[in-house]
Amino acid sequence: MNFFTYLLHLAGSSASAYIGASQIRDPLTRPNVIAGFQLAESGSVPFLQALSDRAAAEGDTWLAEKLARHASDEKRHGQIFAQALKRINKQVIDFKSIPKTTTEGKPDERRRSPFFEAYFQGYPPEAIKPENMDWTVFMASTYILELDASKDFVRMANVLPEDESNSVALKKGLLSIAEDETGHAAYLYEALQRRFPEATVQQIVDEWRTRKVNALLAMVSNMMQKSGKMSSLVQDGVPTEESEEESELAVA
Ligand SMILES: [Fe+2]
Ligand SMILES: [Fe+2]
């Protein structure tokens, strides 16, 4: 990572931590933030499970076990966020109800993520499917996201008010999620170390750090174009049965 990227990284992570923290502290924006997390966490489960199966089929038991554990952790994270929404009588929107495109024929904003488009720039959608994804790409890209998520969740937990039971429960949930994310980052880094010498691992991680910085910039500029408006991911009411829907948002 060159020095300029490093500075941008610091600026980018403090900006996103600030946005995340202020949106989770504000009771008006909190449900939407929680819904976004629920979709991302639950949405990563089938992906991780498929990768675990693939690792097993390829004979890498160590990785298969780590991925299976990872999948079950993310499932739990999704449930923590679902529970947090339920406590305030909300639930995530039903993704099936969102048209694939808007009336002007553009893809609905909630179905695309400028962040992930930029993060995986140069990789066609086929290349980031679990059955095809290059292991190094998966490990490094996910390592960066897990590492940052572990810190972001702690920051968010710290700004939640302690005078109200729903917010206290969410704070506890966020801290336990953060601990898991730290563990995910650690095994992914170890997975890279099992494949490459340290200098190469550093190089690979740097490349994905740079990609993250660029993706954050893409996301911020997209938000500015929409003048800070976030698409709604949440609706009133308590979910009926298992309405857990996988989204196209990924990981953490
Ligand atoms: Fe998670
Ligand atoms: Fe994670």
Of the residues in the stretch 144-167, those that are within 15 Å of ligand 2 (Cβ to nearest atom) and in a loop (DSSP other than H, G, I, E, B) number 0
Which residue pairs have Cβ atoms closer than 7 Å, lie 6 or more positions apart in sequence or on different chains, and pair a first residue in the stretch 168-196 that is in contact (Cβ under 8 Å) with a residue 40 or more places away in the chain and assigned to a helix (DSSP H, G or I) with a second residue that is open to solvent by 40 Å² or more (accessible area, probe 1.4 Å) and away from ligand 1 (no atom under 16 Å from the Cβ)?
-> Ala169/Arg87
When residues of the stretch 140-170 are filtered for being buried (at least 19 other Cβ atoms within 10 Å of the Cβ) and within 16 Å of ligand 1 (Cβ to nearest atom), how many remain?
-> 15
State which residue is surrounded by the most Cβ atoms within 10 Å (Cβ to Cβ) when the search covers only the stretch 42-57 and only residues that are of a type outside the set (A, V, I, L, M) and over 13 Å from the mean Cα position of the chain (by Cα).
-> Ser52
Restricting attention to the stretch 106-139, the residues that are part of a loop (DSSP other than H, G, I, E, B) and either buried (at least 16 other Cβ atoms within 10 Å of the Cβ) or at pLDDT 90 or above (or both) number exactly 12
Answer yes if at least one residue in the stretch 64-74 is over 17 Å from the mean Cα position of the chain (by Cα), hydrophobic (A, V, I, L, M, F, W, C) and either modelled with pLDDT under 85 or away from ligand 2 (no atom under 16 Å from the Cβ) (or both), and no otherwise.
-> yes
Residues being open to solvent by 30 Å² or more (accessible area, probe 1.4 Å) and either at pLDDT 90 or above or touching a Leu at 6+ places or on another chain (Cβ under 7 Å) (or both): count how many of those fall in the stretch 203-233.
-> 6
Of the numbered conditions (1) at pLDDT 95 or above; (2) within 15 Å of ligand 2 (Cβ to nearest atom), Val251 satisfies every one except a single condition; which is it?
-> (1)
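For the stretch 36-48, indicate whether the set of residues that are of a type in the set (Asp, Glu), at pLDDT 90 or above and in a helix (DSSP H, G or I) is non-empty. Spell out the reasoning first.
Keep residues of the stretch 36-48 that are of a type in the set (Asp, Glu), which gives 41.
Restricting the remaining residues to those that are at pLDDT 90 or above gives 41.
Next, from what is left, pick out any that are in a helix (DSSP H, G or I): 41.
There is at least one residue in the stretch 36-48 that is of a type in the set (Asp, Glu), at pLDDT 90 or above and in a helix (DSSP H, G or I).
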Which number in (1) within 28 Å of Ile80 (Cβ to Cβ); (2) at pLDDT 95 or above marks the one condition that Arg155 misses?
-> (2)
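The values are calculated or read from the model by the stated rules, or taken from the named source; none is laboratory data. Nothing here was measured: the structure is a model prediction, and the numbers come from that model. Quick reminder, even Gly has a Cβ in these numbers, built from the backbone with ideal geometry, and neighbours come from all protein chains shown. Areas reflect the complete protein model, heavy atoms only, side chains present, ligands, DNA and RNA absent. Shrake-Rupley method; radii C 1.70, N 1.55, O 1.52, S 1.80 Å.
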